[in-house]
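Each value in this text was obtained by applying a stated rule to the coordinates, not by laboratory testing. Everything numeric here is computed off the predicted structure, so don't read it as measured data. Backbone-built Cβ (ideal geometry, glycine too); neighbour counts: all protein chains shown.
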Amino acid sequence: MRKVIKVGCCGFPLNRRDYFKKFKLVELQNTFYQPPKRLATVERLKESVPSDFEFTLKAFQVITHPASSPTYRRLREEIGRKENFGFFRDTREVFSAWERTFKIAKVLGAKIVVFQSPRSFRESKESITNLYKFFSRIERDDFILVWEEKAGFKKTTLKKLCKELDLIYCVDPFKRRPLDCKFHYFRLHGRGGYNYKYSLRELEELKGMLDRDSYVLFNNIYMKEDALRFKDILGKDAQE
């Protein structure tokens, strides 16, 4: 059976109308920093895309990141008690942030929600307890939940968590090896950091890593160029 490889960018690197002509996938970023307050805004976005376009989205940072994170500089509203933010804590603020993410994802018809935890969310008894409480209590509907962790949990821990909590483990494949999940969800952050352009050789290497259905999202300063070149390398037969 032919593999389905979907390619897009983390956010819009060009105006939306032109983006929709070049790609059929985007991972929304504003849902992490400052989600729209009104669902009517989300509905207009959904109405603006072709019928075969797919949204994935990053979950609201209040779920994953503590209030000390510099990412909160882009948050333009007051949300509860800051000491209750992040790390999948068992707090009203965290679960309310999921409810907000959930509603946006439903309006968009998204299948995938991405949880990106920070490097400060290290493997510990408390962290693991938080993960079990959060993912066992939230309303999941039929969403596929993807987790990108950056603190370097042990592989055995990751395999156990992903299996028991029904999560897809997300990696940058040039930095960490993926787990044996039902599909790959790759976020490419640049081998030398955000200001990075992938070489043709690296993109060919990336193609060789795709041994199953995959989502490939570029998140570097040259994301548009790299994603388009990667689509060319894959060829039409490998793309939906």
Cα long-axis angle, helix 155-165 against the chain (0 to 90 degrees, to the nearest 10): 80
Spelling out what I want: for every residue of the stretch 28-41, take phi, set θ = phi - 60°, compute 6.51 cos²θ - 1.76 cosθ + 1.60 (Karplus), and round to whole Hz; glycine and proline get x. 5, 9, 5, 5, 7, 7, 8, x, x, 7, 10, 5, 4, 5
Take residue 96 and residue 180, extend 7 Å from each Cα along the Cα→Cβ direction, and tell me the distance between the two endpoints in nm. 4.4
Assertion target for 199, 127, ordered by fewest C-beta neighbours within 10 angstrom first, is 199, 127
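Past the 24 Å Cα-Cα mark, which pairs from 37/82; 103/175; 37/175; 3/103?
Values: 37/82 19 Å; 103/175 33 Å; 37/175 35 Å; 3/103 30 Å.
Over 24 Å Cα-Cα: 103/175; 37/175; 3/103.
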For residue 116, list long-range residues whose amide hydrogen, built 1.01 Å from N in the peptide plane, is under 5 Å from its own amide hydrogen. 59, 148
